[in-house]
Amino acid sequence: MLSRYPMPAGTALVITLVLAACAAPHGSSGAAPAGGDDARRLDALADEYFAALVQTYPSFGLFSGIPDAPLDRLDPNSLPDVRRWQAR
């Protein structure tokens, strides 16, 4: 079904150019893939951050469907608590 409000030609052109740029061949440019040790360190950092996020903000875990999310408290919302999280 055709839309009652067609997309302007400029918008269609921009979308096409962005999609074409994202579909560049894998070997064309960009950073080299991370080595084994770097990938493990990055995974460990991401796991640590995610665990701290779920423990600090239980509602995130609840609404994300994390099975071990703590449901016995509310998210901290005081200014010192938020600053503590940001400093982390």
ask   = A46: among the small types (G, A, S), surrounded by 10 or more Cβ atoms within 10 Å (Cβ to Cβ) and either at pLDDT 65 or above or touching a helix residue (DSSP H, G or I) at 6+ places or on another chain (Cβ under 6 Å) (or both), yes or no?
value = yes
task = List every residue pair whose Cβ atoms lie under 9 Å apart, where the two residues are 6 or more positions apart in sequence or sit on different chains, the first residue falls within segment 46-70 and is free of Cβ contacts under 8 Å to residues at least 60 places away in the same chain and assigned to a helix (DSSP H, G or I), and the second residue, located anywhere, is surrounded by fewer than 15 Cβ atoms within 10 Å (Cβ to Cβ) and of a type in the set (D, E).
result = V54/D68; T56/D75; T56/D81; P58/D72; P58/D75; S59/D75; F60/D75; G61/D68
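The values are calculated or read from the model by the stated rules, or taken from the named source; none is laboratory data. Model, not experiment: these values are computed from the prediction. Methodologically, a virtual Cβ is constructed for each residue, glycine included, from the backbone with ideal geometry; neighbour enumeration extends over all protein chains shown.
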